[in-house]
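Each remark here refers to the structure printed beneath this line.
The values are calculated or read from the model by the stated rules, or taken from the named source; none is laboratory data. A quick note: this is a predicted structure, and the numbers were derived from the prediction, not measured. For neighbour counting, all protein chains shown are included, and Cβ atoms are generated from backbone atoms with ideal geometry for every residue, glycine included.
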Amino acid sequence: MIIKSYETKNIDFNYSPFILLYGANEGLKQNELKNILKEKKLTSSYDEKDILNNPNSFFESLLSTSLFENERVILIKRATDKLYLILSELFNKELSDIIIILDSDMLDKKSKLRSFFEKAKNCICIPFYPDNEETLSKIGYEFIKKRKINISISNINLIASKCNGDRKFFLSELEKLENYSRNGKKIDNETIFKLTNLIENHSIFELVDSCLAHNKRKTLKILNENNFNNEDSIIIMRSFLIKSKTILRLLKEFEKNQNLNLTISSAKPPIFWKEKEITKQQILNWTPRALKETLYKITEVELKIKKNYENSTNLVSDFILNLVSKKVSN
């Protein structure tokens, strides 16, 4: 059964113990998940990979009972169709006092998991589509009103227009501005550009990440599918600079502890779960020395762009193609 995201408070868990939350609007999805877990205390959490690696252990944990738990709530993160066969064995079982919640990214119409949750009587499927600019602007207005932030409505609308319907990204940008404004500082256009990661589209983030991960195929695909202009060139190089410095810092930590997961989990500021896997690839694909050389190259390209702005897209493209093809020796 399909319900709207704002109807989660009406879920009858006795009748529908299987819940699927999916979609690109991570901010709204996590907010509604928190609301559900306020009513139902989380008992245990799994990543899809954990279940696929050891399905027997997962089944045993579900079928075992505890004298101290009247109800168990199981959360499965990053769920995909790979789980369908495993979970299908549970759908027909009468599992007493067990609620299973799946947290998924985008699932297309052909998805077996999505299709089953949409049609099954004891299942609930909740899609989370991107917000429109109007919705984000309203959220932004309430945010600044509650916190008494000195920023114009037009600038809130500007930030909303640049976030591609991503509520989580939008709120993270507003939080940066909130921290800046705590001393009563007024936020103008220049401040917004300096403090936020506003870009015309998120392909720039993907481009930088893919290139630094040496994923040549994806990097070339993004370059071919997007018509980046001269203004984008500046943002791309700035993004390379910021991300390269982050990776260099993580590389130094990794050299000390020799533990990749510890390096990622203890990173400050924290790395979002969506970025963890590609960040691991980036750490493993670079050495501190090679990355320092790349930082110098980024600075050189920025200087060339300032001197030859009309040719900036070609300069950036050449830099990216050389970088993504570069072999880093240990």
* Structure fact -> Restricted to region 298-308 and to residues being exposed (fewer than 14 other Cβ atoms within 10 Å of the Cβ) and not β-branched (Val, Ile, Thr), the residue farthest from Glu231 (Cα to Cα) is Glu300
* Which of the residues spanning region 5-34 are in a loop (DSSP other than H, G, I, E, B), under 17 Å from Glu118 (Cβ atoms) and over 22 Å from the mean Cα position of the chain (by Cα)? -> Ile11, Tyr15, Ser16, Pro17
* Of all helices (runs of 4 or more DSSP H) completely enclosed by region 107-186, which ones contain at least 1 residues that are of a type in the set (Lys, Arg), in contact (Cβ under 8 Å) with a residue 12 or more places away in the chain and touching a Gly at 6+ places or on another chain (Cβ under 6 Å)? -> 167-180
* **Lys218 vs. criteria assigned by TED's automatic domain parsing to the domain that holds Pro288 and out of contact with any Ser or Thr (no Cβ under 9 Å at 6 or more places or on another chain)** => no
* Structure fact -> Leu37 vs (1) assigned to a helix (DSSP H, G or I); (2) aliphatic (A, V, I, L, M); (3) surrounded by 17 or more Cβ atoms within 10 Å (Cβ to Cβ): all pass except (3)
* To do: Specify which of the listed residues (Lys245, Lys256, Lys252, Lys276) is within 22 Å of Phe169 (Cβ to Cβ), free of Cβ contacts under 8 Å to residues at least 40 places away in the same chain and either in contact with an Asp or Glu (Cβ under 7 Å, 6 or more places away or on another chain) or not assigned by TED's automatic domain parsing to the domain that holds Asp166 (or both).
  => Lys276
* Asked: When you go through Ser64, Ser44, Ser16, Ser104 one by one, which is the residue that is among the polar types (S, T, N, Q) and at pLDDT 90 or above?
  -> Ser104
* Structure fact -> By residue number, the members of region 51-61 that are among the charged types (D, E, K, R) and modelled with pLDDT of 90 or more are none
* Taking Trp273 as meeting all but one of (1) surrounded by 15 or more Cβ atoms within 10 Å (Cβ to Cβ); (2) aromatic (Phe, Trp, Tyr); (3) over 21 Å from Leu323 (Cβ atoms), write down the number of the exception. => (1)
* Output the number of the condition that Tyr84 fails; it satisfies all remaining conditions of (1) touching a Lys or Arg at 6+ places or on another chain (Cβ under 6 Å); (2) closer than 24 Å to Asn10 by Cα. => (2)
* Asked: Looking at Asn189, is it exposed (fewer than 12 other Cβ atoms within 10 Å of the Cβ) and modelled with pLDDT of 80 or more?
  -> no
* Output yes when any residue across region 233-240 is surrounded by 15 or more Cβ atoms within 10 Å (Cβ to Cβ), among the aromatic types (Phe, Trp, Tyr) and under 18 Å from Leu284 (Cβ atoms), and no when none is. => no
